[in-house]
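Nothing in this text is a laboratory measurement; each read-out follows from the coordinates by a stated rule. Everything quoted here is computed from the prediction, not taken from an experiment. Here the Cβ positions follow ideal geometry from the backbone for every residue, glycine too, while neighbour counts run over all protein chains shown.
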Amino acid sequence: MRILMLGAGATGGYFGGRLLQHGRDVTFLVRARRAAELARNGLVIRSPAGDADLPPPPTVLAADLQAPYDLIVLSCKAYGLQQAMADIAPAVGPQTVILPLLNGMQQLDLLDQRFGAGHVLGGLCFIAATLDGQGVVRHLNDAHGMTFGERDGSTSERMRQISAILQGAGFDARPSQAILQDMWDKWVFLASLAGITCLLRGSIGEIVAAPGGRAAVLRLLEECRAVAAHAGHAPGESTLQRARGMLTGSGSTLTASMLRDLQQGYPIEADHVIGDMLARAERQHAADSLLSVVYAHLKVYEAGRLRSPQP
Ligand SMILES: NC(=O)C1=CN([C@@H]2O[C@H](COP(=O)(O)OP(=O)(O)OC[C@H]3O[C@@H](n4cnc5c(N)ncnc54)[C@H](OP(=O)(O)O)[C@@H]3O)[C@@H](O)[C@H]2O)C=CC1
Ligand SMILES: CC(C)(CO)C(=O)C(=O)O
């Protein structure tokens, strides 16, 4: 199965690297700067699950894409999705399956509009990773899960084939028959985590140790839960319990990738992860929401970025 990994950043570099390490046929669709870096240094992963120093991996630039691939995994940020869709278009043939790993939900609508729903699986990943200034993929915790599935819950022949390729490649690959619910569950958790850690600029442990911190994160979780419930995807009680536990763990060093991006002055997925959740809450007439404060905070950050030099 020919796999095209769009992006060789934190998640794409990690999962694509593990797939390559386990003999899968992976090509990275990258831009010129990252292509040169990979050609020079190879693909380097530093991880508690085992370091990898891979030789220069196969890469392709968008302008050189010709033949279709069987599976295209999208690991760009949401603000890069329009460009990514334009770039992968020559690689999408009649049988091509697209697996987005982005946080949030809107990517599914955009991909459906562009390529047709029949091409698009649901997907998500659980990992804490970052790409450092030297182009090294740094895996920061011990989670490295990827969940994927047909959105109608079926176990299609293509799902069987994709599962066989993704499993046994050095990370936890989990086929799901409830991928939309899984994506909503993750979005509810992530929007709460990213929202509170960016707003209060600390880890979960630091936030719950501060006066009002615990109540604030639980309030945000409740706002996100209500949005999911209204969309017909209320998290189950055990999922909520787990989320509450992770979001209120005393001493927890947990943060979101959005906070890491914000602290480095990078662009963030404010509209996709928080703005979209808030828009849905407002359509339900939710008033005085903490989500609106989080969103305003992130938009102030984005406006400030535009005024000062970009990293
Ligand atoms: N990092 C994490 O811990 C986690 C991230 N996520 C989610 O996964 C998604 C990806 O995040 P992450 O991996 O951190 O992002 P990164 O910014 O680390 O990586 C994205 C990569 O995609 C590349 N890219 C984007 N568009 C294109 C394009 N058109 N052509 C070629 N390359 C492209 C970028 O390259 P360039 O440098 O050239 O722009 C960049 O290297 C996000 O939605 C994020 O929320 C989910 C779970 C955890
Ligand atoms: C939920 C979490 C923390 C881990 O995958 C994440 O998605 C992120 O940091 O963006």
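Candidates in segment 38-59 are the residues that are in contact with a helix residue (DSSP H, G or I) (Cβ under 8 Å, 6 or more places away or on another chain) and outside any loop (DSSP other than H, G, I, E, B); of these, the one that is farthest from Ala129 (Cα to Cα) is Thr59. Comparison of Ala10, Ala49, Ala84 shows that the only residue that is crowded, with 23+ Cβ neighbours inside 10 Å and within 16 Å of ligand 2 (Cβ to nearest atom) is Ala10. Of the helices (runs of 4 or more DSSP H) lying entirely inside segment 199-311, those containing at least 3 residues that are not aliphatic (A, V, I, L, M) span 213-230, 237-247, 257-263, 276-283, 290-307. Looking at segment 15-34 only, could you name the residues that are in a helix (DSSP H, G or I), in contact (Cβ under 8 Å) with a residue 24 or more places away in the chain and either of a type in the set (Asp, Glu) or more than 16 Å from ligand 2 (Cβ to nearest atom) (or both)? The answer is Gly16, Gly17, Leu19, Leu20, Gln21, Ala32, Arg34. The set of residues from segment 60-107 being in a loop (DSSP other than H, G, I, E, B), more than 14 Å from the chain's Cα centre (by Cα) and farther than 18 Å from Gly17 by Cβ comprises Leu61, Leu65, Gln66, Ala67, Pro68, Asp70, Val92, Gly93, Pro94, Gln95, Thr96.
Residue-by-condition table, conditions (1) among the polar types (S, T, N, Q); (2) surrounded by 17 or more Cβ atoms within 10 Å (Cβ to Cβ); (3) farther than 17 Å from Lys77 by Cβ:
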site: Pro94; (1), (2), (3): no, no, yes
site: Leu99; (1), (2), (3): no, yes, no
site: Leu102; (1), (2), (3): no, yes, no
site: Asp112; (1), (2), (3): no, no, yes
site: Gly122; (1), (2), (3): no, yes, yes
site: Ala129; (1), (2), (3): no, yes, no
site: Asp132; (1), (2), (3): no, no, no
site: Asn141; (1), (2), (3): yes, no, yes
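In segment 276-294, how many residues are surrounded by 20 or more Cβ atoms within 10 Å (Cβ to Cβ) and of a type in the set (Val, Ile, Thr)? Counting residues in segment 276-294 that are surrounded by 20 or more Cβ atoms within 10 Å (Cβ to Cβ) and of a type in the set (Val, Ile, Thr) gives 1.
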